[in-house]
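One structure below.
Just so it is clear, none of the values below were taken in a lab; they were calculated from the coordinates. Computed from a prediction, not measured in an experiment: that's the story for all the values here. Please note: Cβ atoms are built from the backbone with ideal geometry, for glycine as well, and neighbour counts cover all protein chains shown.
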Amino acid sequence: MRKFVCLTMVALASGCSVIPPQAWSFDPTQPQPRATLPVAEIVALTDRTAQLQIERNDIRAKIANEPDASKRLDLYGELHRVGMALSPLERRLANVAAAR
């Protein structure tokens, strides 16, 4: 019986630890303002996103045409670097687009 009580308490404590602090003070009558950016910043963000997408597509084309596995591995590392730079920009652009 003590094991059950201990496991239940641990489960409750671990469940509370993953809840973000903002959730404890959330008030549905006071919605948070949506993220907006000035038009110039949106244009710059869109341009940089498009530039990285073109770079990503070029790397993918190089990977498809490369017969040597070791060179492809280097290209995959480069593809990962571009993807890591691109994903936060795409996410931010999607948040801004959803706010409009």
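Numbers for the structure displayed
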| item | result |
| --- | --- |
| Filter result (aliphatic (A, V, I, L, M), in a helix (DSSP H, G or I) and exposed (fewer than 10 other Cβ atoms within 10 Å of the Cβ)) within the range 1-41 | Val5, Ala13, Ala23, Val39, Ala40 |
| Members of the range 5-39 found to be touching a residue at least 24 places away in the same chain (Cβ under 8 Å) and of a type in the set (A, V, I, L, M), listed by number | Ala35, Leu37 |
| Identity of the residue in the range 42-99, touching a residue at least 40 places away in the same chain (Cβ under 8 Å) and among the hydroxyl-bearing types (Ser, Thr, Tyr), that ends up surrounded by the most Cβ atoms within 10 Å (Cβ to Cβ) | Thr49 |
